[in-house]
Amino acid sequence: MNAHLMPPMLPKRIDPEVKSGRPGASVQAGDDDRRLGGPDRRQLGAAGIRSVRIAAVGDIHCGVEDAGSYRDVFAHVNPDADVLVLTGDLTRHGLAAEMRVVVGELQDVKVPVVAVLGNHDYEAGEQEVLAEILRARGVHVLQGDTFVLNEHVGFAGVKGFMGGFGRGTLTAFGEPATKAFVASALDEVRKLETALRELATPVRVVVLHYAPIAGTVIGEPEVIFPFLGTDRLAEPLDRFQASVVFHGHAHSGSFRGETPGGVPVFNVALPILRRENADRSYYLHDITLEPASLSAR
Ligand SMILES: [Fe+2]
Ligand SMILES: [Fe+2]
């Protein structure tokens, strides 16, 4: 067992209740019936309201020596959740051999897996190889793409990029290198925008690696905030009324925040989850589907 990865546990809620404020969904600490599995099988009452439970974690930074360390942890996702979300930095150095270890750790996971890559997964320049390794396993790797879980819930994902927040956001002025840096961020924003526009489900879950708001990087040294994300990513989240956002990367940031438009944002980097609860290996998040959502097409 990896020293920094404790055995799985029955989930203890971090939030007593979190209302998404988005149409078609409320997000809350949910039922405790983990025997039910799979989308559309969580019947929560006579009114026909159902829920989807998401397990989310990022920044597991798997090395080749970690083979076997995560397998039991991920196997517990099956009774716990309907879908597993991985928010990037799955590998330590971005090596294909490391991603093959990650795939091995996922071998007992029966629910759909949705993932974005993180900056560590780019380190060796093999990011497309790593993405293909995940896709060959059946993981839905989102690089400006969408994944529709069922008629109610869909996912949009991009890695995102850095650049800063608020008045501190880097602008495309001056040297070509500066402009190229900002263009990288804007390209990610554009991909996110396109994915959200394509997503027709009433519940739209967004997966990122970098933080889209300053609120979930608070706790990190302020001097590195610009390298942890950019709130350029928040505008499409609000405009397309995302239901909830998961990201990682800011290992010492804050677990929870929200966009200016009120979209809930969760930093599910593994070190954050460990800090909130030493036994936690992934965050469990319930999305309760309102009747309006269930009838939406
Ligand atoms: Fe990380
Ligand atoms: Fe990262």
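Classify segment 80-126 as rounded, prolate or oblate from the Cα gyration tensor: take a ≥ b ≥ c as the square roots of its eigenvalues, call it rounded if a/c is under 1.5, otherwise prolate when a/b beats b/c and oblate if not. Oblate, because a/c is 1.5 or more while a/b does not exceed b/c.
Extension gain, Lys179 to Glu128: 0.36 nm times the residue separation minus the Cα-Cα distance gives 15.9 nm.
Based on every Cα atom in segment 81-240, Rg and the maximum pairwise Cα distance Dmax equal 16.0, 51 Å. Counted by neighbouring Cβ atoms within 10 Å, the residues Arg239, Arg92 run from fewest to most as Arg239, Arg92.
Report the convex hull volume per residue for segment 127-178, counting only C-alpha atoms, in Å³.
Measuring per residue, one finds 118 Å³ for the Cα hull of segment 127-178.
In whole percents, the pair-distance distribution calculated for segment 25-294 from its alpha-carbon pairs, binned every 5 Å from zero, is 1, 6, 13, 18, 20, 17, 13, 7, 3, 1, 0, 0, 0. In this label model, Glu65 and Gln143 are separated by 3.0 nm, measuring between points 7 Å along each Cα→Cβ vector.
Label-to-label distance, Thr171 versus Asp187, with points set 7 angstrom from Cα along the beta-carbon direction: 2.3 nm.
Readers should treat all values here as calculations from the given coordinates under stated rules, not as data from a laboratory. This structure is a prediction, so every number in the text was calculated from the model and none was measured. No Cβ is skipped: glycine too gets one built from the backbone with ideal geometry, and neighbour counts run over all protein chains shown.
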